[in-house]
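Report on one structure; see the data block that follows.
Every number in this text was worked out from the coordinates using simple rules, so none of it is lab data. Just so we're clear, the structure is a prediction, and the values are computed from it rather than from any experiment. Don't worry about glycine lacking a Cβ; one is built from the backbone with ideal geometry, like all the others, and counts go over all protein chains shown.
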Amino acid sequence: MATRRLSIATVSLIIVTLAGSFGYYLISDGRWDFIDCLYMTLITISTVGYREAVDIQSVPSAKIYTMVLIVAGMAAWLFFLTSLTAFLVEGEILQVFRRKRMTNKLNRIKNHMVVCGAGQTGYHSIVELVQMGEKVVAIDKDQARLERLDDIDVFTILGDATDEKLLIQAGVKKARGLIATLSDDAANLFVTISARELNPNIRIIARAVDPNTMEKLEKVGANSAVSPNRIGGLRMASELLRPTVITFLDHMVRTPGSSLRMEEVPITDDSPFKNHSLKDSNIRELANLLVVAVKDPASDRFVYNPGPDYVLRVGEVLVVLGRVEDAKKLKKLSGQETRDS
């Protein structure tokens, strides 16, 4: 509102200035130089009171015009100054309250996700996390990038993510996961090291601009390193060889309103499914989910398309296909701890 009002006030002031200048020029039938007319208009509407730049005494109608211009100019200036003051004051006050409200919420948040870098890669990561119901804190030193997130329900922090103080402000010590997607590998390495020191249990996914950096990122604390260039190349080859499969995957992720995803459900000590076969667990009936694979923690291998007699053991992770809501339901049934707000 304040921005719109300031824009209208600025346009009004410009119109009065131009109208006054052309008015003097027309009244004199072009005898007065336009620059002098503009100068006369400015000193009139600003009530500065310098010596008259044109001889209005020789043109009687110019006196009446000047009086009208003084009133119009003062009104335009008053409108502009009040609008400018409102813009500055309201903007500053709103920023103060916004920062205070953001700080209070950040102090209470936990089990959330921190995304360092809101560029193209970071932006898409944030959108997906929010769609999955995660609470997200985004850090970036580019204000324009953070403004793109205004329509998304995320917390934003302006600054350099390599600053450990900002990581602490973002709640890394209480976060469940972190994505380091800065444009520089050295910066991602630094964020990874800092985050791991601040929170030994946090899961860290780091971007590797140079694929050769992936191993280094994992050595310094990243749970996994991702190379967008490598993923992009694999995606293009897959699009060429198996377009229907890629279309199916795109439908899951890109279709607006679609909540179809591949999810993972751990089998915990509290899970009623432990030591039961898939057939007896009734997962399909309880949550309407398709069990695609089971990860064996002992061998770190996957059992694809497990049969109905496959017995589930503690520590295994089910890879299921279905709606996010159904996956959350199965996690709750399986005894996995709910995510605190």
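When the chain is treated as a GNM with alpha-carbon contacts under 10 Å, the residue of Ser271, Ser46, Ser224 showing the greatest mean-square fluctuation is Ser46. Residue separation of Lys219 and Thr247 scaled by 0.36 nm, minus their Cα-Cα distance, works out to 6.6 nm of gained length. The Arg313 and Val292 beta-carbon pair, evaluated with R₀ = 22 Å, returns a calculated FRET efficiency of approximately 0.80. Partners of Lys63 within straight-line reach, counting aspartates and glutamates whose Cα lies under 17 Å from its Cα and excluding those fewer than 8 residues away in the same chain: Asp29, Asp36, Glu52, Asp55. Counting only residues at least eight positions apart within a chain, or on another chain, the lysines with an alpha carbon under 21 Å from that of Lys331 are Lys110, Lys135, Lys274, Lys279, Lys295. Here the chain is assigned +1 on the Cβ of each Lys and Arg and -1 on the Cβ of each Asp and Glu. Its dipole about the Cα centre then comes out at about 820 debye.
In summary, the lysines within cross-link reach of Lys165, defined as a Cα separation below 16 angstrom excluding same-chain residues under 8 places away, comprise Lys141, Lys173, Lys174. When each of Arg313, Arg31 is scored by the number of other beta-carbon atoms lying within 10 Å, the sequence from fewest to most is Arg31, Arg313. All C-alpha to C-alpha distances of the chain, sorted into 20 Å bins beginning at zero, yield P(r) values of 22, 38, 19, 15, 6, 0 percent in whole numbers. How many angstrom lie between the C-alpha centres of segment 124-196 and segment 220-239? Each part reduced to its Cα centre gives a spacing of 20 Å. Toward the positive end of the charge dipole of the chain, about the Cα centre and with charges on Cβ (Lys, Arg +1; Asp, Glu -1), which of Leu84, Asn201, Tyr24 goes farthest? Farthest towards the positive pole: Asn201. For the chain, the mean residue ellipticity at 222 nm estimated from helices alone is -16500 deg cm²/dmol, where every DSSP H run of n ≥ 4 contributes -39500 (n - 2.57) and the total is divided by all residues, rounded to the nearest 500.
Using Cβ contacts closer than 10 Å as the measure, can you line up His112, His276 from fewest to most? Walk me through the numbers on the way to the answer.
Details: His112 24, His276 17.
Final ranking by Cβ density, sparse to dense: His276, His112.
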